[in-house]
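Encoded as structure tokens, the structure appears first; notes follow it.
The values are calculated or read from the model by the stated rules, or taken from the named source; none is laboratory data. These figures come from a predicted structure and were not determined experimentally. Glycine gets a Cβ as well: all are built from the backbone with ideal geometry, and neighbour counts include every protein chain shown. Ligands, DNA and RNA are stripped out before the accessible areas are found, and what is left, the full protein with its side chains, is counted by its heavy atoms. Shrake-Rupley method; radii C 1.70, N 1.55, O 1.52, S 1.80 Å.
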Amino acid sequence: MNDARIDRRLFLRGMGGVTAGVAAATTLSACGTGTSRSVAGSGGKGKTVVIRDSGGSYGAALQKAIYTPFTQETGIQVKVLNLDNAPLLAQIKQGRPQCDLINDSMMSFTKYAAQDALEALDRDRLKSLKSARIPEAQTTDHAIGHSFYGQCIAYRTDAFGGKKPTSWADFFDTKAFQGGRAMCSPDGDLPELEFALLADGVPMDKLYPLDVDRAFKVLTRLRSDIKKFWDSGPLPGVLLSRQEVTMTTVWDGRIADLQKQGVPVERQLNGMRRQFSGYAIAKGAANADTAYKLMDFSLRPESQAALAKAFPSNPSSPLAYAKLSEDERNALAGAPQYYDKGFDTDIDWWLKNESAVTKRWLEWARG
């Protein structure tokens, strides 16, 4: 995996049906599935923490912004493991997880917790939880949210004669805003039912439980104008730069590079769907004490700000944004002036309905 969000099959559905696959995964885990890297410590001999992350550019940013400074401050060596959900869960069920701390989606952690695969957190050992003012909505008995990504609209600024789309209603209006559209497939992220409902006038605070029939009715109106269903982060930008579409759904940090290259694109954050990533400790972790220390360090506002400078992640700590320059802050969808434009994904609703909705989505997409 090259990005924290690139393969949402692993992060959002990777735990589904995994119990049946534990036996197969056992062989993989016994062989040490995955890759690891380490940060050499200065001091702290014998102290180690093993963290699972997704590697790639996100992993490199974590190394620079979090792991190396943590080792420099504490002397604790950080070892990094890139491992998928199924073999990791198999290891935990065997009582010998390779990692101590897990960096994953909060949705995945809900699935882990349901299978008793995570340690119950002792919040008194996480001083940054209060000092960073992590929102209560992003804390559970087993996991703490450290950042989010937003799914929003991206569009070509030269496509509509000077008009700018301001809502999902504009995204679905191909008469006023002509041109092809692109939307995400379930291989990339959760089906985008919320956007169809917002386009049809449902208020953000009344979205859940989702009216699935109404959402698909709205989606069907747009079906013939959808030129591509994307399944990876870079693809929406490619479609826009090639002018294959004039508007697309997108992960919010994905168009900054295009703008730097001079491609006339912009994002619209009204109605943005937020999904959080977080930290949890594997059940039976060999180094639980150092796992708490690394989690606490990572949740600090200054640590979250450092990561935001290295990678387009949106800190969960509202205090982190004050530690960024105005330009850095304004580039993030989590900045105070944008936050109320979006909504949090209802994880519980999606856990109950994702399988059925995805099946219906696939039938709808085939036309």
Residue match in region 113-136 (condition: on the phi < 0 side of the Ramachandran plot, touching a strand residue (DSSP E or B) at 6+ places or on another chain (Cβ under 6 Å) and open to solvent by less than 10 Å² (accessible area, probe 1.4 Å)): yes
Test: residue in region 159-172 that is open to solvent by less than 20 Å² (accessible area, probe 1.4 Å), in contact with a His (Cβ under 7 Å, 6 or more places away or on another chain) and not acidic (Asp, Glu): no
Residue match in region 282-294 (condition: outside any strand (DSSP E or B) and under 14 Å from residue 150 (Cβ atoms)): no
Selection count where residues are under 16 Å from the mean Cα position of the chain (by Cα), within 20 Å of residue 62 (Cα to Cα) and small (Gly, Ala, Ser), scope region 311-358: 5
Residues of region 345-359 satisfying the condition of being touching a Phe, Trp or Tyr at 6+ places or on another chain (Cβ under 7 Å) and part of a helix (DSSP H, G or I): 349
Top-ranked residue in region 61-81 [being within 20 Å of residue 144 (Cα to Cα) and not aliphatic (A, V, I, L, M); ranked as farthest from the chain's Cα centre (by Cα)]: 70
Evaluation of residue 305 against (1) open to solvent by less than 10 Å² (accessible area, probe 1.4 Å); (2) closer than 29 Å to residue 92 by Cβ (one fails), failing number: (2)
Extreme residue, farthest from residue 193 (Cα to Cα), among residues of region 254-276 that are at pLDDT below 95 and small (Gly, Ala, Ser): 262
Enumeration of residues in region 181-194 that are within 18 Å of residue 267 (Cβ to Cβ) and either open to solvent by 40 Å² or more (accessible area, probe 1.4 Å) or at pLDDT 95 or above (or both): 181, 182, 183, 184, 192, 194
Options 357, 250: the member that is in contact with a Cys (Cβ under 9 Å, 6 or more places away or on another chain) and either surrounded by fewer than 23 Cβ atoms within 10 Å (Cβ to Cβ) or within 28 Å of residue 163 (Cβ to Cβ) (or both): 250
Cross-chain or 6+ apart pairs with Cβ under 6 Å, region 174-201 first and more than 25 Å from residue 148 (Cα to Cα), then open to solvent by less than 30 Å² (accessible area, probe 1.4 Å) and among the hydroxyl-bearing types (Ser, Thr, Tyr): 179/246
Residue under evaluation residue 237, criteria (1) modelled with pLDDT of 95 or more; (2) outside any loop (DSSP other than H, G, I, E, B); (3) within 25 Å of the chain's Cα centre (by Cα), criterion not met: (1)
Test: residue in region 8-26 that is surrounded by 15 or more Cβ atoms within 10 Å (Cβ to Cβ), among the basic types (Lys, Arg), modelled with pLDDT of 90 or more and out of contact with any strand residue (DSSP E or B) (no Cβ under 7 Å at 6 or more places or on another chain): no
Among residues of region 114-138, those that are touching an Asp or Glu at 6+ places or on another chain (Cβ under 6 Å) and either among the hydroxyl-bearing types (Ser, Thr, Tyr) or not in a loop (DSSP other than H, G, I, E, B) (or both), counted: 1
Residue within region 229-238 that is exposed (fewer than 15 other Cβ atoms within 10 Å of the Cβ) and in contact (Cβ under 8 Å) with a residue 40 or more places away in the chain present: no
Any hit, region 148-159, residues being in contact (Cβ under 8 Å) with a residue 12 or more places away in the chain, among the charged types (D, E, K, R) and more than 25 Å from residue 254 (Cβ to Cβ): no
Number of the condition not met by residue 276 [criteria: (1) within 16 Å of the chain's Cα centre (by Cα); (2) assigned to a helix (DSSP H, G or I)]: (2)
Count of region 49-91 residues which are open to solvent by 30 Å² or more (accessible area, probe 1.4 Å) and outside any helix (DSSP H, G or I): 4
Any hit, region 199-213, residues being of a type in the set (Phe, Trp, Tyr) and surrounded by fewer than 19 Cβ atoms within 10 Å (Cβ to Cβ): yes
